Amino acid sequence: MKLQRVLTTSACLLIVLWLDSEGSPETSRSWRMSHLENGQRIYMSGVTAQGRAIQNSHGMEGVGCVMCHGPGGRGGTMHGIPVPNITMRALTDPRGYEHPTGRRRPPYTEESIKAAIVAGIDSGGNSLHPEMPRWTGLSASDLEDLLGFLKTLGMEPHGCQGGSQGL
């Protein structure tokens, strides 16, 4: 009897979770958009959709990734320092990347991208340039939202400009 109750309760819970995750197309789309918008806001301003400034190792407020990596994530140069292309196509290039110094790194994974953002560690386990802020104030959900937004960078029909660059 006890096993049957556990199984029944578990089945009901699974149905509720499934219905909640499916939702209507409008609800599902709305949920994805709110997370994508939060990720975009973090990327553009370093502030969450709830208005919380993300703490970082440089003590900057009101600036996000866009300040150095640009609106399309393709990087460039900032204060004479090369800023890498952080589009998914560049970061996950199966060939990895060789820095001008000769140091190589393998392609990034979602987890290694998170490590780069929060701890300043590249996909090869090397420290990123000290000018790259360590975004230590990101909650797990904010980090997921930012990663979701990063996946949209470089999605223009003409593809990624240039090759993989160094983050």
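Give the order of LEU150, LEU128 when sorted by the count of other beta carbons within 10 angstrom, beginning with the fewest.
With the sparsest Cβ surroundings first, the list reads LEU128, LEU150.
Explain nothing, just the number: relative contact order of region 37-134, from Cα pairs under 8 Å at least 6 residues apart, as a whole percent.
Computed value for region 37-134: 15 percent relative contact order.
How big is D for region 25-150, in µm² s⁻¹ as a whole number, if Stokes-Einstein is applied with the Kirkwood radius of its Cα pairs at 25 °C and 0.890 mPa s?
Diffusion coefficient, whole number: 163 µm²/s.
The numbers here are math on the coordinates, done by the rules we state, and not lab data. Treat the numbers as computed from the prediction; the structure is a model and nothing was measured. Using ideal geometry, Cβ is built from the backbone for each residue, glycine included, and neighbour counts are taken over all protein chains shown.
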